[in-house]
Amino acid sequence: PNPTRGIFNVSFVSEEINNFDITITDGFGRIISHENKQDFIGEYTKKVDLSNWPRGVYLLQIKTKNSFISKRIVLQ
């Protein structure tokens with residue numbers, strides 16, 4: 001859910017082998033979480049817990065060689 005109280009899931013499916021850079025940053029651009037998946041194919045799911053972080057807006061970014069996705073997460 002968005003807004004969230006702190007716990008949410010990140011999930012996607014890659015049908016081709018790709019490298020993924022998954023980053024969560026706070027409103028000031030500080031990196032909260034970073035994961036790099038090399039030569040990944042299949043379904044990715046990760047439970048993220050931001051409940052110990054201050055309320056505010058966070059950004060989830062997923063980068064590949066050819067694409068970039070950015071989602072806003074509101075922590076209340």
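Starting from the range 10-39, take each residue that is without any contact (Cβ under 8 Å) to a residue 12 or more places away in the chain and list its partners that are open to solvent by less than 100 Å² (accessible area, probe 1.4 Å) and outside any loop (DSSP other than H, G, I, E, B), counting only C-beta distances under 8 angstrom and pairs at least six apart or across chains.
Close Cβ pairs (under 8 Å, with a partner that is open to solvent by less than 100 Å² (accessible area, probe 1.4 Å) and outside any loop (DSSP other than H, G, I, E, B)) amount to Ile31/Thr23; Ile31/Ile24; Ile31/Thr25.
On the basis of being small (Gly, Ala, Ser) and either part of a strand (DSSP E or B) or surrounded by 15 or more Cβ atoms within 10 Å (Cβ to Cβ) (or both), does Ser33 make the cut?
Judged against the criteria, Ser33 is a match.
Being open to solvent by less than 100 Å² (accessible area, probe 1.4 Å), part of a strand (DSSP E or B), among the charged types (D, E, K, R) and in contact (Cβ under 8 Å) with a residue 12 or more places away in the chain: is that true of Lys46 here?
Yes, satisfied.
Glu16 is checked against (1) part of a loop (DSSP other than H, G, I, E, B); (2) more than 20 Å from Asn2 (Cα to Cα) and fails just one. What number does that condition carry?
Answer for Glu16: the failing condition is (1).
Within the range 1-15, track down each residue that is loosely packed, with under 12 Cβ neighbours inside 10 Å, more than 18 Å from Gln76 (Cα to Cα) and among the polar types (S, T, N, Q).
Residue satisfying the conditions is Ser11 alone.
Could you count how many residues in the range 49-71 are in a strand (DSSP E or B), open to solvent by 100 Å² or more (accessible area, probe 1.4 Å) and either touching a strand residue (DSSP E or B) at 6+ places or on another chain (Cβ under 6 Å) or of a type in the set (S, T, N, Q) (or both)?
Selection size over the range 49-71: 1.
The values are calculated or read from the model by the stated rules, or taken from the named source; none is laboratory data. These numbers were taken from a predicted model, which means no experiment stands behind them. Note: ideal-geometry Cβ built from the backbone for every residue, glycine included; neighbour counts use all protein chains shown. Ligands, DNA and RNA are excluded from the accessible area calculation, which covers all protein heavy atoms including side chains. Shrake-Rupley method; radii C 1.70, N 1.55, O 1.52, S 1.80 Å.
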